[in-house]
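Below: the structure, in structure tokens.
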Amino acid sequence: MKRYTFEELNIKLGSDPSILVVVDCPPASVWEAGEVMSRPSTALFATFMEGLGFGPEDFIFITPCPDVPEVAQSSDSRLKKFVALHHNSFAAAMTELLKDHDIKLVISMGKVGNIQMKNGAAAITKLRGSFRVFDVSGDTPVLPVYSPAHVLTRPENRELLETDLAQVGMLRDKGWSLDEFKTEEHGRCSYEWCLDLQFMLDDPPIRAAVDTETLGKEWMNEGFRCLTVSITTEEGNAYVVPVDADYWNDDSVRDDSTKDLPKLTGGDVSRLRGQLRELLAKPEVSIIGHNFSYDVHVLRSMGISVSQWYADTMQLAFVVDENMINKSLTDCTRRWVPALAGYSDTFDSATDKSRMDRVMHASMLDYGGGDTDATFRLGSALVPLARADARNWRTFTHCQMPTLRAFIEMEKNGVSIDKTKLRKLQKDLGVQEKELYAKLIVQVPAAILRKHESEGLSFGRAQFKIDTLFSEEGLGITPLVFTKTTRALPAAERIPSVSTKDHLPFFAHIPFVQDLIVYLKLQKMRSTYVGEEPSEEIKLVKRSKTGLIPKWLRESLDKRGITYDRIPVARVRKRRRGVPQLAGKRKDTPKGDVTLENGRLIRMDGRGNYYVVENTPPTGFWQYLQGTTVIHPSFYLHGTVTGRSASRNPNAQNFPKRGEQAKLFRSIFVAPRRSVFLEADLSQAELRVAGWMAGEPEMIRIYKANGDIHAATAAAVMGI
């Protein structure tokens, strides 16, 4: 391949290119040699593409910018600024290359390559794997992928890159038509609306993939609704059952797929739910799903229980490849069910999934049916792979699946919270925080106070803490630990860390630092864990002296077609509470709440008074306690490489447990009636099991003597 340069960029040109590859930024040695990728990266890419039938002649390679200086690599903001300096040259080169050659596809690689393609922030973990369109590529589709260099340093992502690149061969085989690529296999599938499941009850399937589509994601919240339940019993088919009459009967979403189907009565919905209840209760029907614990909760909300949850394909993906980062259905489908790769890309990018009740019926049918079809095929692909390792399969069936089933009960039961104690804790922590702040702020040198007065004297601000602790005007402490993004920079550019975990404890012998650590932990507990209840603040919109409402409000109400008094009001009197109010009641003045175009909520009282309503959303635990006294954390087994359990919304495995504040915090948890809390913790459980399994005599001796394995190890290493 020959090479030529557009100003600052290295470009290598194949003899008959159909694919333009935007590489990740190469190392300095590669750049200076006029190359686009290192030899190992080139070899890895060539291996993948040659396996798909491509050769060197099929590609143009272009660098997104010169090699990135070490300083620019120290933070995302510096990196973006450096890359942006070369965007004009890059865009010009792209335009000319696309004009001069019959390019069918652009492959953009890695973090820097995709920042340049997107001309801004680009999270490769979110972009990769789906065909996209960027301004710089015009109408030519773009496939973002990991860079080979990244895979060489993170081998666990090799299969992801190989899977993503496999789509290039599939696209070529479809004549480079994205429409053909996305619809040929999907178009052969048979997805249909089902208003009667009796045929399936009469002849139950051996195995079925099940999925639900809902309005809202929190199954425990008021207003949550299940809209459809999809069932696939063999590859390529799906029956989508409507279980919400309001959604099914809504004329605004009915289309050609449902125009000839009858609307549903409440009795019809009850019958369909009853049929689902009977089908899913049959022990001979093995049910599979992807992240199915969520769907079990959804089904339970309709009184439907699942008797035989055979396998969860998200957990199976973990069993087959514990290093796979993203185990979403779309990623797993791309990797193990390539025939359906990209089946939901268009829907995912174009749909507001917080309002699934607004999805047209044809799109819902295609999406819901595609989900269970993909899950069914995924199960067929993953079960044999998991069974190939007998011990892994036994762990899956005897440990992981039972644990997932137990998690459902844990999530359903949740943890009861005493709201009165939570409010008291919120108040007490606020008082302690104020008292400790007052104690700390008087010790901050005057020069630091003057410097930060305009920005705010908050110990939550990193720069205020840095100047207070480490500057010459402050306490003058010599920092030992620096932020990750500045550790490699020259000494003058390093930024001291203010972490209460890895830096400040080094200076805990200093009374100010000791108090600061306590203050910061207290502040985190109050804001992150305890939080604040939602609040509503109402402010009167003031009129002019002649009685006119402000121009911005008049214009906003005009746009909404809402009437208001258009002439000055001469008399304005005061109510007893001191709130100005128009005299008398006007017939033409509306009443109620209205949301303006900018999202501002206006309240009208029918007397000509207008109020701005500002709602503060709940934070901390309060966001999980709206209308209930129970929080329902979610638990997972696939979130860590080791398979250790993880928790979210909130993280129930990371509640504070040390210190006085932690004791107060734990008091807000209350046991249900006729129940008690039991706290148990086997210290260093994994090491104890490992020592026993290995028959390691020294570890066994230490544990039998109730010793500390970490202290013993440190003593041995240090020779003491």
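The values are calculated or read from the model by the stated rules, or taken from the named source; none is laboratory data. The shown structure was predicted, so the numbers you read here are calculated from the model rather than taken from an experiment. Here the Cβ is made from the backbone with ideal geometry for all residues, glycine too, and neighbour counts use every protein chain on show. When the accessible area is computed, the model is the full protein with side chains, heavy atoms only, and any ligands, DNA or RNA have been set aside. Shrake-Rupley method; radii C 1.70, N 1.55, O 1.52, S 1.80 Å.
Per-structure values
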quantity	calculated
³J(HN,Hα) computed for each position of region 373-387 - Karplus, 6.51 cos²θ - 1.76 cosθ + 1.60, integer Hz, glycine/proline x	4, 5, 5, 4, 5, 5, x, 4, 7, 7, 4, x, 5, 5, 5
For region 151-211, alpha-carbon Rg and Dmax in angstrom	18.9, 55
Among the listed pairs Lys424/Lys524; Lys80/Lys484; Lys465/Lys521; Lys217/Lys521; Lys421/Lys524; Lys353/Lys524, those beyond 20 Å (Cα-Cα)	Lys217/Lys521; Lys353/Lys524
For a label point 7 Å along the Cα-to-beta-carbon line of Glu435, residues of region 442-469 with backbone N under 19 Å	442-443
Percent RCO, i.e. relative contact order, over the chain, from Cα pairs under 8 Å lying at least 6 residues apart	9 percent
Among (i) 29.2; (ii) 27.1; (iii) 31.2, the entry derived from the coordinates for Kirkwood radius over Cα pairs in Å	(iii)
Net length gained if the chain between Ser454 and Ala694 were fully extended (0.36 nm per residue, minus Cα distance)	80.3 nm
Apportionment of accessible area to carbon and sulfur, region 92-150, percent (1.4 Å)	47 percent
Kirkwood Rh and Cα Rg combined as Rg over Rh, evaluated for region 234-365	0.98
Under 20 Å from Lys539, Cα to Cα: lysines that are on another chain or at least 8 residues apart	Lys551, Lys574, Lys591
Cα-based radius of gyration of region 132-291 once divided by 2.2 N^0.38 Å, which approximates compact folds	1.38
Value at 222 nm in deg cm²/dmol, rounded to 500, when DSSP H runs of n ≥ 4 in the chain each add -39,500 (n - 2.57)	-11500 deg cm²/dmol
Phi to ³J(HN,Hα) by Karplus 6.51 cos²θ - 1.76 cosθ + 1.60 over region 193-201, Hz, x for Gly, Pro	6, 10, 10, 7, 9, 4, 4, 7, 6
Rounded accessible area per residue of the chain, 1.4 Å, Å²	52 Å²
Calculated FRET efficiency for the pair Ala121/Asn88, C-beta based, R₀ 25 Å, to 0.05	0.85
Full-stretch length increase - Glu614, Arg701 - with 0.36 nm per residue and alpha-carbon distance subtracted	25.0 nm
Accessible carbon and sulfur surface of region 401-514 relative to its total accessible area, %, 1.4 Å	56 percent
Theoretical gain in end-to-end length, Ser75 to Glu234 [0.36 nm per residue, Cα-Cα removed]	52.3 nm
Whole-percent carbon and sulfur share, accessible surface of region 242-289, 1.4 Å	48 percent
In Hz, Karplus ³J(HN,Hα) per residue of region 552-559 (6.51, -1.76, 1.60; θ = phi - 60°; x = Gly, Pro)	4, 6, 4, 5, 5, 5, 4, 5
Cβ-derived FRET efficiency at R0 51 Å, Ser544 paired with Asn326, nearest 0.05	0.35
